[in-house]
1. Mind checking which residues of the range 251-283 are touching a residue at least 60 places away in the same chain (Cβ under 8 Å) and not in a loop (DSSP other than H, G, I, E, B)?
2. Could you grab me the full set of residues in the range 177-192 that are over 17 Å from the mean Cα position of the chain (by Cα), more than 11 Å from the ligand (Cβ to nearest atom) and over 16 Å from Glu143 (Cα atoms)?
3. Of all residues being more than 13 Å from the chain's Cα centre (by Cα) and within 11 Å of the ligand (Cβ to nearest atom) in the range 138-153, which is surrounded by the most Cβ atoms within 10 Å (Cβ to Cβ)? Just the residue, please.
4. Which of (1) away from the ligand (no atom under 12 Å from the Cβ); (2) crowded, with 22+ Cβ neighbours inside 10 Å does Lys67 not meet, given it meets every other one?
5. What pairs come up if the first residue lies in the range 80-108 and is at positive phi and β-branched (Val, Ile, Thr), the second is within 14 Å of the ligand (Cβ to nearest atom) and in a loop (DSSP other than H, G, I, E, B), and their beta carbons are under 8 Å apart, counting only those six or more places apart or on different chains?
6. For the range 227-248, which residues satisfy the criterion of being assigned to a helix (DSSP H, G or I) and small (Gly, Ala, Ser)?
7. Can you work out which of the residues in the range 199-222 that are over 20 Å from Asn247 (Cα atoms) and aliphatic (A, V, I, L, M) is surrounded by the most Cβ atoms within 10 Å (Cβ to Cβ)?
Amino acid sequence: MSFIEVVRKVVENHFKEISVVALSTAVVLVVKRFRQKLRQPYPRDVVIHHQVGRGPFAPSIMPFAVKLETYLRMVKVPYMNIHDSYQQRSSKGKLTWIEYNGVKVADSEFSIEFINKTFNVDPDQNLSEEQKAMAYAMQIMIEEHTYWAVTLFRWVYERAEKINQYLGIPSILRYFLVEGLRKKCKAQGLGLHSPQEVRRIMIADLRTLDTFLGNKDFILGDNPCKADCAIFGLLSQMYYQSFGGENETAIKEFPKLCSYCERMRARFWPDWDDCITHGGTTIATV
Ligand SMILES: N[C@@H](CCC(=O)N[C@@H](CS)C(=O)NCC(=O)O)C(=O)O
């Protein structure tokens, strides 16, 4: 039987199912298109931060969203949050991204570069090259290494049970989310280790950060720099939003890192209580 004949047979035998799928896809596409058309234009000259909604005990459940919003506050540029990135991921398929006067920028770090250029700001301009190198190394360790350990504990080993008390993600969706993240963690590499090994790795990272921070207020001294936003983005998840899980017990072994979180919060988030849902009991007002 030729390929064409096989296709014809499948279509004949499953005509009903194929029609339903095709029709549903068409409806979804039309509704999406229609909603885009109806959407109010965003205000000009304001950075639109697309993110996923306020978190139960930190301003987002996404470390990269806390990073980017902390940065927007650090450099004091006008911005607003649009809580839609569950449905509208960035062009690179990731969550948290910005849009400015119609220009869309994917990736938190590229967003920061764009903000610096557009608004002519740079909180790191007075740092020496050596300081910049140290801050960069710490940031990359936290974002590209510790992040995966934190993801493994929150989403894979603990199956998001702790955070989901406050999010209420339906179990079928949570299953796919967890399994998708398990695959990504394996592809990255940390997901190939045992939970005990991943914990050891996470503690080693936190110890490195803790040692480097020493008695300084912020990662490079008395004043916070760009890397502090990224570091706080992840530590805030461990410290404020892990609900007795392994991420919380790990950070609590380092009191200086906990005080660091409190300092970053006090400096950039005086309205913190208005930016969280208090465990889903209120609607964040900011
Ligand atoms: N390098 C990216 C990383 C962004 C990222 O990994 N975002 C996570 C959420 S915090 C995400 O999209 N995860 C879902 C996924 O990978 O499908 C950035 O800085 O924006």
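The values are calculated or read from the model by the stated rules, or taken from the named source; none is laboratory data. Note that this is a predicted model, so its numbers are computed, not measured. Positions of Cβ are generated from backbone atoms using ideal geometry, with glycine treated the same way; all protein chains shown enter the neighbour counts.
1. Hits for the range 251-283 are Met264, Phe268, Trp272.
2. Glu179, Lys186, Leu192
3. Gln139
4. In the conditions (1) away from the ligand (no atom under 12 Å from the Cβ); (2) crowded, with 22+ Cβ neighbours inside 10 Å, Lys67 misses (1) alone.
5. From the range 80-108, the pairs are Thr96/Val52; Thr96/Ser60; Thr96/Met62; Thr96/Ser85; Thr96/Ser90.
6. Let us first name the residues in the range 227-248 that are assigned to a helix (DSSP H, G or I), namely 227-240, 246-248.
Within the range 227-248, Ala227, Ala230, Gly233, Ser236 qualify.
7. Across the range 199-222, the extreme among qualifying residues is Ile219.
Each row is one residue, and each column tells you yes or no for (1) in a helix (DSSP H, G or I); (2) modelled with pLDDT of 90 or more; (3) within 16 Å of the ligand (Cβ to nearest atom); (4) under 15 Å from the mean Cα position of the chain (by Cα).
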site: Val10; (1), (2), (3), (4): yes, no, no, no
site: Leu29; (1), (2), (3), (4): yes, no, no, no
site: Ser60; (1), (2), (3), (4): no, yes, yes, yes
site: Ser85; (1), (2), (3), (4): no, no, yes, yes
